[in-house]
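Undergrad: Quick one: the structure is below, and I'll ask about it shortly.
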Amino acid sequence: MVDECSRGDPVAAQERLVFLQGVPLLEVSRTADTLAKALLKGVPLPPKGAVDAYHISVAAIHGVEYLVTWNCKHIANPALRSRIEFCCREMNCEPPVICTPQELLEINDAY
């Protein structure tokens with residue numbers, strides 16, 4: 001995540017990195033690596049989607065309840081969600097609820 005936030009426009013990257021200060025980083029364990037590879041194969045995600053597979057796998061392995069993203073091509077893609085969930089459950093992990101920020105707000109408004 002830090003690598004991604006560091007990319008692009010240097011001024012914008014620095015602003016993004018400020019928001020990450022103090023946020024704990026989750027470990028990319030061997031199990032998360034295995035799940036990411038299963039997601040790349042089973043969803044299937046393209047090779048350039050490897051980072052996205054790791055976002056999903058690390059969230060699932062660590063029991064993150066919601067994975068909020070604007071990436072609707074590989075992560076919050078409604079056509080891929082059931083496959084993502086299936087791969088996670090095959091590895092005995094409960095998948096996070098994958099949603100956009102707007103969807104998360106709608107979820108919270110429902111309660």
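Undergrad: From largest to smallest, what semi-axes in whole angstrom does the chain give when each is the square root of 5 times an eigenvalue of its alpha carbon gyration tensor?
TA: Result for the chain: semi-axes of 23, 18, 14 Å.
Undergrad: Angle, helix 101-110 long axis vs. longest principal axis of the chain, Cα atoms, 0 to 90°, nearest 10?
TA: Relative to the chain, helix 101-110 is tipped by roughly 70 degrees.
Undergrad: What distance in nm separates the simple spin-label points at H62 and N77, each placed 7 Å from Cα in the Cβ direction?
TA: My value for the distance between the label points is 2.4 nm.
Undergrad: Pop the C-beta distance of D3 and D109 into the FRET formula with R0 = 30 Å and round what comes out to the nearest 0.05.
TA: In this case the efficiency is close to 0.35.
Undergrad: By how many nm would the segment from R30 to K48 lengthen if fully extended, with 0.36 nm per residue of separation less the alpha-carbon distance?
TA: Residue separation times 0.36 nm, minus the Cα-Cα distance, leaves 4.4 nm.
Undergrad: Relative to the longest principal axis of the C-alpha atoms of the chain, give the angle of the C-alpha long axis of helix 30-42, reported between 0 and 90° and rounded to the nearest 10°.
TA: So the inclination is approximately 70 degrees.
Undergrad: Mean-square fluctuation check for the chain, GNM, Cα pairs under 10 Å: which of A32, A79, A53 is largest?
TA: A79
Read the figures in this text as sums done on the coordinates, not as results from a lab. Computed from a predicted structure; not experimentally measured. Here the Cβ is made from the backbone with ideal geometry for all residues, glycine too, and neighbour counts use every protein chain on show.
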